[in-house]
1. By counting other Cβ atoms within 10 Å of each Cβ, how are Val107, Val200, Val130 ranked from fewest to most?
2. Considering the dipole of the stretch 23-204 built from charges on the beta carbon (Lys and Arg +1, Asp and Glu -1) around the Cα centre, which of Met42, Ser108, Phe181 is farthest to its positive end?
3. Charges only on Cβ, +1 for Lys and Arg, -1 for Asp and Glu: so what's the dipole of the stretch 23-204 about the Cα centre, in debye to the nearest 20?
4. When only C-alpha pairs under 8 Å and at least 6 residues apart count, what is the relative contact order of the stretch 23-204, in percent?
5. Enumerate the calculated ³J(HN,Hα) couplings along the stretch 26-33 in order (Karplus 6.51 cos²θ - 1.76 cosθ + 1.60, θ = phi - 60°), each rounded to whole Hz, writing x wherever the residue is Gly or Pro.
6. Need the full-extension length gain, Tyr71 to Ser25, defined as separation in residues times 0.36 nm minus the C-alpha distance. One decimal, nm.
7. Please arrange Phe117, Phe162, Phe84, Phe145 by counting, for each residue, the other beta carbons lying within 10 Å of its beta carbon, fewest first.
8. Send over the semi-axes of the stretch 23-204's equivalent ellipsoid, whole angstrom and largest first, taken as the square roots of 5 times the C-alpha gyration tensor eigenvalues.
Amino acid sequence: MKKLLALLFSFFLLSSHSVFAEDLSDFQIEGTSIGDSLLDYMTEEEILEQIELTKDWYSYLNEPNKYAEVYLYKNLKKYDGLSFFVKNTSTNEYITNKNEKYTILTVSGIINYNEDFDSCIVKRDEIEAVLSKMFSYAQKTEADFITPNDPSGESIIDGIYFTFDSGAEIDITCKNWKETFRIKNNFNEGLTVRIMTAEVDAWIRDY
């Protein structure tokens, strides 16, 4: 049975025996897991609309169109939004099975902390304490860096990363956009809890 990776105003994780799990598809955020078909949660039309909206967001990567990002905001209980990475349909036209085409490779839960970076860091550190106990065998690193999306170089991501032997990761990060850039692009900023496969992690780091 899948375990629930949930984030409320007070953070909790169910099924403490999952501390020994390496297969991150066993975990859920808002009922979604790596390996699920995105078609179980959205229509293909909704998926394609989101892909169109985000198609230029990763232009700084060496393979910017290898994967596509899709956002979901409806029928959520614990998060303000969810984000998924799937194989990009435009570069994977040979895939005829829709379920395979829209297989979830990364799932993220997002809670907005617009103009409240300090509160985001407090919540992130609470989550880090729980995950450190659950995944004591994972390699944990902390890093903050300038996000390449903002050409001004004044937007940052401050994160804690749990890396597994498989190369998969669980990340907990706080994003702080330069305010003028955030407003111009109608972006939110705040906390992201992300479960990511090794293949997407390698892609997103290649720039």
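1. Numbers: Val107 28, Val200 20, Val130 13.
Neighbour counts put them in this order, fewest first: Val130, Val200, Val107.
2. Looking along the dipole axis, the top candidate is Met42.
3. Values: 17 positive and 34 negative charges, 25 e Å.
Taking the Cα centre of the stretch 23-204 as origin, the dipole is about 120 debye.
4. Working: 315 pairs, mean separation 37.7, N = 182.
Rounded, it is 21 percent for the stretch 23-204.
5. 3J(HN,Hα) across the stretch 26-33, in whole Hz: 6, 9, 10, 10, 6, x, 10, 9.
6. Details: separation 46, 0.36 × 46 = 16.56 nm, distance 1.92 nm.
Value of the extension gain: 14.6 nm.
7. On the way: Phe117 17, Phe162 22, Phe84 26, Phe145 9.
If I rank by nearby Cβ atoms, fewest first, I get Phe145, Phe117, Phe162, Phe84.
8. Details: eigenvalues 120, 86, 52 Å².
For the stretch 23-204, the ellipsoid semi-axes come out as 25, 21, 16 Å.
Each reported figure results from applying straightforward, stated rules to the coordinates on display, with no laboratory input. These numbers come from a predicted model, not from an experiment. Cβ atoms come from the backbone with ideal geometry, glycine included; neighbour counts cover every protein chain shown.
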